[in-house]
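The next block holds one structure in the form of C-alpha cells; read it before the comments.
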Amino acid sequence: MTTPLLTLHTTESAPDASRPLLAHARQRFGRVPNLLASMAESPALLSGYLALAGAFEGSSFSAVEQHVVLQTTNAANRCHYCTAAHSAVALQVTRIDPAVDAALRELRPLADPRLEALRRFTLDLVQQRGWVESAKTDAFLAAGYTRAQLLEVLLGVGMKTLSNYLNHVAATPLDAAFAAHAEPEPAQAS
C-alpha cells in the first residue's frame, strides 16, 4: 500500500476555511470521508469539489442516471477509492441494482438501452477527453437525452475526474465503510 501524500484532516487540524466544510460533511455523512479529509488541505479545492457535487446532485438526472455517469467515470479513470465509495453508497443508500453497479465497474454494457446510451456517451467523453464524434453525440440525444443533459454529463465527469485524480496523486486510503466494495489487491509476483 502506498503512503498517503496528504494529511487526512479533521475539523480540528484542517485549515480554517476548510473546517466548516468538513463539519458539514460530518453532519451529512456521519463522518468525514477520507476523500474530503485529503481535499481539506486546499480550502479552494474542497469548496469547489463540494459545489460541483451539489450541482450534479441537483441535475436533471435520476439517482440511477447520476450513478451511471459517476461510476463509469470512476471505472474509466481506474479510481479504486471512488469506485468502492460509489458502490457502497449506491447499493446501501440509493438501492441501485447490484447487476448495474457491477457492469459499470467492469465497463460492460447495460441492458437498459437508455442507460446504456448514457454510459456509452460518458465513457466516450472520458476516453476521448471530450473529443466525442458527432455520431456518438447524436446517439446520446436520440436515446431521449437533452442538450442540457449533455452538459450535465460534463459536470459529472469533471467532478469525478477531479476526485479520481486527487486519489491517484494522494493515494487516499479507503474508508472502512467502503472496504467491502474494494477491488481485490492484485497478486504480488514472487
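The values are calculated or read from the model by the stated rules, or taken from the named source; none is laboratory data. Computed from a prediction, not measured in an experiment: that's the story for all the values here. Methodologically, a virtual Cβ is constructed for each residue, glycine included, from the backbone with ideal geometry; neighbour enumeration extends over all protein chains shown.
Worth a mention:
- Selection of the range 151-178 for residues being closer than 13 Å to Thr73 by Cβ and of a type in the set (S, T, N, Q) yields Thr161, Ser163, Asn164, Asn167.
- The set of residues in the range 100-110 that are in contact (Cβ under 8 Å) with a residue 24 or more places away in the chain, more than 24 Å from Phe29 (Cβ to Cβ) and surrounded by 12 or more Cβ atoms within 10 Å (Cβ to Cβ) comprises Leu107, Leu110.
- Counting only helices (runs of 4 or more DSSP H) that sit wholly inside the range 90-143, not one has at least 3 residues that are among the acidic types (Asp, Glu) and outside the structural domain of Leu155 (by TED's automatic domain parsing).
- Matching option when the condition is surrounded by 13 or more Cβ atoms within 10 Å (Cβ to Cβ), within 13 Å of the chain's Cα centre (by Cα) and either farther than 28 Å from Leu151 by Cβ or of a type outside the set (D, E, K, R) (or both), among Leu22, Leu46, Leu35: Leu35
- Hey, Arg129 surrounded by fewer than 13 Cβ atoms within 10 Å (Cβ to Cβ), at positive phi and not acidic (Asp, Glu) or not: yes
- Applying the criterion of being among the small types (Gly, Ala, Ser) and touching a Ser or Thr at 6+ places or on another chain (Cβ under 9 Å) to the residues of the range 99-150, the residue that is farthest from Ala75 (Cα to Cα) is Ala148.
- Where Ala44 falls short, out of the listed (1) over 30 Å from Asp124 (Cβ atoms); (2) of a type outside the set (S, T, N, Q); (3) modelled with pLDDT under 95: (3)
- Any hit, the range 124-132, residues being of a type outside the set (Ser, Thr, Tyr), under 17 Å from the mean Cα position of the chain (by Cα) and farther than 19 Å from Ala103 by Cβ: yes
- Failed item in (1) more than 14 Å from the chain's Cα centre (by Cα); (2) of a type outside the set (Phe, Trp, Tyr); (3) closer than 18 Å to Val153 by Cβ; (4) surrounded by 15 or more Cβ atoms within 10 Å (Cβ to Cβ), with Pro113 passing the rest: (4)
- Meets criteria (of a type in the set (S, T, N, Q), surrounded by 15 or more Cβ atoms within 10 Å (Cβ to Cβ) and outside the structural domain of Glu41 (by TED's automatic domain parsing)) for Thr146: no
- Reported count of residues in the range 58-99, each being in contact with a helix residue (DSSP H, G or I) (Cβ under 7 Å, 6 or more places away or on another chain) and free of Cβ contacts under 8 Å to residues at least 40 places away in the same chain, is 9.
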